[in-house]
Amino acid sequence: MYRFLLTPRWWGINVFVLLAIPFCVFMGSWQLGRFEDRVQDHRDAGEQASAARTQAPRPLARLLPVDKKTSGKQATATGRYGKQLLVPGRELDDERGFYVLTMLRTDDGRALPVVRGWLAGDADTAKAPAAPAGEVTVTGALQASETPGSNGVPAAGGLPAGQTGAISSASLVNLVPYKMYDAWITLAEADPGMKAVPAAAPSDTGLDLKAFQNLGYTGEWFVFAGFVVFMWFRLMRREVEFAQDAELGLVEETPAETGATKVSSTSSATA
């Protein structure tokens, strides 16, 4: 009854099933691993942020370049404040406002963007306190350059003079007359009259849309594997039922016999 499984047609079906199921399971497992990695990165980022608040600050040069391990760590830098910009459209404690961003010119000739604090309302230079004069040493959480359009950073351009949408060396190089660090810090204690801006988690470490996409793809691949098994079993059962009906005389001939009969009839008519 099951001899049909050895026919060329079923050999092709069986080989496809034997290849498709492991492939679907492999892809589902890989997507699940990607989701678990993102969950672990999220946990590590939270633990790192908690640990960074209690660790002693380190000189800026020792923490560069910024990566997942150094992002959020307390850094110190010494220099003199220079040009000041405002970063509009930033929320803190569910309230909309703006950052006060001031360039700290260090001894090596480069400038470090420093978020000195946050103020509520629309960006207004009249509201922003002036930076301290003279040489200062600042301490704050080290952050990587922002990418417009991600992690809540607006991508819109056309801002008024004295404002920037993203805190990044690529955006600031055209706005300030200094060489820039590819990093910035947010002060642990904001300057008077402003609120301190907490450090953001490193990119690709949160449970964002990408993480849940990985989880969704995991389910899809396992569903595909189950669907392949279901279709193989359904085709096999249909073939078995047809063979049983043929043995009982409920059908006159098999599909293969039908084709042979048609060919024979055509040959007879031609003769």
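Values quoted throughout were computed directly from the atomic coordinates according to the rules given, and no laboratory measurement underlies them. Please read all numbers here as calculations on a predicted model, not as lab measurements. With ideal geometry, Cβ positions are generated from the backbone for all residues, glycine too; neighbour counts draw on all protein chains shown.
Using the basic label-point model (7 angstrom from Cα toward the beta carbon), what is the Met231 to Ala161 distance in nanometres?
Label at Met231, label at Ala161, 6.5 nm between them.
Please give, to one decimal in nm, the separation of the simple spin-label points placed at Val223 and Leu18, each 7 Å out from Cα toward the Cβ.
Inter-label distance under the simple model: 2.9 nm.
Over the Cα atoms of the stretch 160-199, what radius of gyration and what Dmax do you get, in Å?
Final numbers for Rg and Dmax: 12.1, 29 Å.
With labels modelled as points extended 7 Å from the Cα through the Cβ direction, what inter-label distance (nm, one decimal) is found for Ala61 paired with Lys179?
About 1.3 nm separates the two model spin labels.
In what sequence, highest mean first, do 141-148, 163-170 appear when ranked by Cβ atoms within 10 angstrom?
The densest-packed peptide leads the list: 141-148, 163-170.
Which part of the stretch 1-37 falls in the paramagnetic zone of Glu241, meaning amide N under 19 Å from the point 7 Å along Cα-to-beta-carbon?
So the set is 1-5.
Whose amide H sits under 5 Å from the amide H of Arg90, counting only residues 5 or more places off or on another chain, with H placed in the peptide plane?
The answer is Gly97, Phe98, Tyr99.
Report the local net charge at Met236: Lys and Arg +1, Asp and Glu -1, summed over other residues whose C-beta lies under 13 Å from its C-beta.
Working: positive: Arg3, Arg9, Arg234, Arg237, Arg238; negative: Glu239, Glu241.
Local net charge: +3.
Please state the equivalent ellipsoid semi-axes for the stretch 72-200: what are the square roots of 5 times the Cα gyration tensor eigenvalues, largest first, in whole Å? Mind showing how you got there, number by number?
Working: eigenvalues 79, 54, 43 Å².
For the stretch 72-200, the semi-axes come out at 20, 16, 15 Å.
Applying a 10 Å radius around every beta-carbon, put 56-65, 114-123 in order of their mean neighbour count, most first. Please list the in-between numbers first.
Numbers: 56-65: 13.6, 114-123: 20.2.
For the peptides 56-65, 114-123, the packing ranking is 114-123, 56-65.
Which residues in the stretch 94-114 have a backbone N closer than 17 Å to a point placed 7 Å from the Cα of Ala120 along the Cα-to-Cβ line?
94-100
Give me Lys68, Lys210 ranked fewest to most by other Cβ atoms within 10 Å of their Cβ, as a rough exposure proxy. Working shown, then result.
On the way: Lys68 16, Lys210 12.
Fewest-to-most Cβ neighbours within 10 Å comes out as Lys210, Lys68.
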